[in-house]
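The values are calculated or read from the model by the stated rules, or taken from the named source; none is laboratory data. Not measured: the values here are computed from a predicted model. No Cβ is skipped: glycine too gets one built from the backbone with ideal geometry, and neighbour counts run over all protein chains shown. When the accessible area is computed, the model is the full protein with side chains, heavy atoms only, and any ligands, DNA or RNA have been set aside. Shrake-Rupley method; radii C 1.70, N 1.55, O 1.52, S 1.80 Å.
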Amino acid sequence: MAGLEKVNQTTVTEFLLVGFETRPELQITLFVMFFIIYLSTVAGNILLILTVWTDHHLHTPMYFFLSNLSFLETGYVSNVIPRLLVSFLTQDKTISLPGCCLQLYVFSFLGTTECFLLTGMSYDRYLAICRPLHYVTLMNPRTCLLLAVASWTCGFVAPSFTLVRFFCDLTAVLRLSCEDTSIIKVTSLILASIITLAPFVLTITSYVYVILTILGIPSTAGRKKAFSTCSSHLIVVSTFYGALIIMYVVPSGNQSLDFNKVFSLLYTVVTPMFNPIVYSLRNKEVKDALGRVIRKMLLSPKM
């Protein structure tokens, strides 16, 4: 019996990444498109980080969190797109079991961290607009550092609870399982709800108070200035949480893999690419600082 059991057991050593099922002649076009997206995303986020850290006008809590977010987004796309580019060029769509586990862990780590970072950013805006007289005292450098460290720590620890069971993407791999996955799905739903919905509710609560405070400002110019400081963050929060909740919190039912691919692309590729654009184009301070950094780079003496 021991020998028979050994023969019947199957050891999984790799997974097949279905990717984008298109005609072979389109693979190069897709490679070029995603390569440009990847370069522009990494360049945009790194430039934003350098701008924040080199311009003293941006040494404030809001931009401290923004530089953390840009660093996170760079890791997000670097975890997903390079492997996709390799599959376009080589047609090799396999990924090893350790590689799959690592990709899932990094993805879950960064996704969880982003949830908490966005919450910290919303709390910062709440204090700045609703409690301006206490802002400097409450949102001091030590508080900013503690919020950032707590966000990265929660992101690092939370995926450990599911890493032993799932690989690459929860929804896709669950469909491959031959065992009863009902308990795993419930556990996944509970964890996703805690990690996603709790920060989301805190973020929304903060912005309810922010919006009510803005509406109470008597002057139109004052309302416009106050809203401009948080509108960029609202756009990012809406895009990120909208896709995340649809993917991992709302019961999947009969959602197709193509449906999941679209929303996966939204928060793993599109959002990281547009974040630096949104924060740059909708924020005068960032645009001015970016201009100063670029001029400094262009006018610096050549060695």
#### Entry: Members of the stretch 18-40 found to be assigned to a loop (DSSP other than H, G, I, E, B) and modelled with pLDDT of 65 or more, listed by number
none
### Message
If CYS230 meets every condition in (1) in contact with a Lys or Arg (Cβ under 9 Å, 6 or more places away or on another chain); (2) open to solvent by 70 Å² or more (accessible area, probe 1.4 Å) apart from one, which number is that one?
### Response
(2)
### Query
Going through the stretch 258-303 one residue at a time, which ones are of a type in the set (Asp, Glu) and either within 13 Å of the chain's Cα centre (by Cα) or at pLDDT 70 or above (or both)?
GLU285, ASP288
### Query
Can you tell which of THR74, THR112 is closer than 26 Å to ILE195 by Cα, touching a Pro at 6+ places or on another chain (Cβ under 7 Å) and either in contact (Cβ under 8 Å) with a residue 40 or more places away in the chain or buried (at least 20 other Cβ atoms within 10 Å of the Cβ) (or both)?
THR112
### Query
Going through the stretch 86-109 one residue at a time, which ones are closer than 30 Å to THR205 by Cα, crowded, with 20+ Cβ neighbours inside 10 Å and of a type outside the set (Phe, Trp, Tyr)?
SER108
### Query
Quick one: how many residues across the stretch 201-224 are closer than 18 Å to VAL278 by Cβ and open to solvent by 50 Å² or more (accessible area, probe 1.4 Å)?
1
### Message
Would you confirm, using the coordinates I've provided, whether THR94 is at pLDDT below 90 and in contact with a Pro (Cβ under 7 Å, 6 or more places away or on another chain)?
### Response
no
### Query
Looking at (1) under 24 Å from GLN103 (Cβ atoms); (2) out of contact with any helix residue (DSSP H, G or I) (no Cβ under 7 Å at 6 or more places or on another chain); (3) modelled with pLDDT under 90, which is the one condition that is false for ALA43?
(3)
### Query
(1) within 23 Å of PRO159 (Cα to Cα); (2) modelled with pLDDT under 70; (3) of a type in the set (S, T, N, Q): which one isn't true of GLN255, the others all being true?
(1)
### Task
Could you check, for the stretch 234-250, whether at least one of its residues is closer than 27 Å to TYR38 by Cβ, among the hydroxyl-bearing types (Ser, Thr, Tyr), open to solvent by less than 40 Å² (accessible area, probe 1.4 Å) and at pLDDT 75 or above?
yes
### Task
Starting from the stretch 38-58, keep only residues that are under 14 Å from LEU69 (Cβ atoms), then list their pairs with residues that are open to solvent by less than 90 Å² (accessible area, probe 1.4 Å) and aromatic (Phe, Trp, Tyr) whose Cβ atoms are within a distance under 6 Å, requiring at least 6 positions of separation or different chains.
VAL52/TYR63
### Message
Whether any residue in the stretch 133-154 is of a type outside the set (A, V, I, L, M), loosely packed, with under 14 Cβ neighbours inside 10 Å and modelled with pLDDT under 80 is what I want to check.
### Response
no
